[in-house]
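Asks: If you scroll down you'll find the structure; I have some questions about it.
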Amino acid sequence: MSLPRYQKGMGFVGWILLILIFGGILTLGLRLFPHYLDHNTVAGVLDGLGEIDGLGSQPTATIRDRMKKRLNVNNVRDFPIEENIKIERSGTAARIVMDYEVRVPVVYNLDLVATFNKEVRLRN
């Protein structure tokens, strides 16, 4: 019986390392994906508000109410609008500014941080 001169393929340790690396990447992706999905939904709602004629001249409470209704329709219920979205006015122009970050705990004292920003000008 002759032994092969060189090993062909990966060994047990190589497979374990490969599984750990891909498992870690998959875990991080699954933890961050819902936050990116919510951000895209909220950004779509803000873009929709930016297309409404005359919304920039409406009171801030009316704009926030429309935003809350659209987020409820899109099943985004735990997004704190008052903390993350500000309505800024300068003269006759109005804009909605969304700026927030999400922290996702990974291991003990290690967190992943994702920051999201978007600005939409409202039509008068």
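Asks: Quick one: in segment 71-97, of everything that is polar (S, T, N, Q) and either touching a Gly at 6+ places or on another chain (Cβ under 7 Å) or not in a strand (DSSP E or B) (or both), which residue is nearest to N40 (Cα to Cα)?
Replies: First pass over segment 71-97, keeping only residues polar (S, T, N, Q): 72, 74-75, 84, 90, 92.
Checking which are either touching a Gly at 6+ places or on another chain (Cβ under 7 Å) or not in a strand (DSSP E or B) (or both) leaves us with 72, 74-75, 84, 92.
Values: N72: 15, N74: 11, N75: 13, N84: 14, T92: 28 Å.
In this case the residue turns out to be N74.
Asks: Turning to a different aspect of this structure: Pull up segment 53-74, narrow it to residues that are open to solvent by 70 Å² or more (accessible area, probe 1.4 Å) and touching a residue at least 12 places away in the same chain (Cβ under 8 Å), then point me to the one that is farthest from the chain's Cα centre (by Cα).
Replies: S57
Asks: Can you pull out the residues in segment 67-90 that are closer than 14 Å to H39 by Cβ and aliphatic (A, V, I, L, M)?
Replies: Across segment 67-90, the qualifying residues are L71, V76, I81, I85.
Asks: Go through segment 19-52 residue by residue and tally those that are part of a helix (DSSP H, G or I), over 30 Å from V106 (Cα atoms) and open to solvent by 40 Å² or more (accessible area, probe 1.4 Å).
Replies: Residues in segment 19-52 being part of a helix (DSSP H, G or I), over 30 Å from V106 (Cα atoms) and open to solvent by 40 Å² or more (accessible area, probe 1.4 Å): 1 in total.
Asks: Anything in segment 61-120 that is at positive phi and of a type in the set (G, A, S)? List them, or say none. Even if it seems obvious, please write down each step before you answer.
Replies: Step one: filter segment 61-120 for residues at positive phi, giving 75, 91, 108.
G91, the sole residue that qualifies.
Asks: Could you list all residues from segment 78-117 that are surrounded by 15 or more Cβ atoms within 10 Å (Cβ to Cβ) and of a type outside the set (A, V, I, L, M, F, W, C)?
Replies: N84, R95, Y100
The values are calculated or read from the model by the stated rules, or taken from the named source; none is laboratory data. Since the structure is predicted, the reported quantities are computational estimates derived from the model, not experimental observations. Cβ: placed from backbone, ideal geometry, glycine included. Neighbour counts: every protein chain shown. For accessibility, only protein heavy atoms count, side chains too; no ligands or nucleic acids. Shrake-Rupley method; radii C 1.70, N 1.55, O 1.52, S 1.80 Å.
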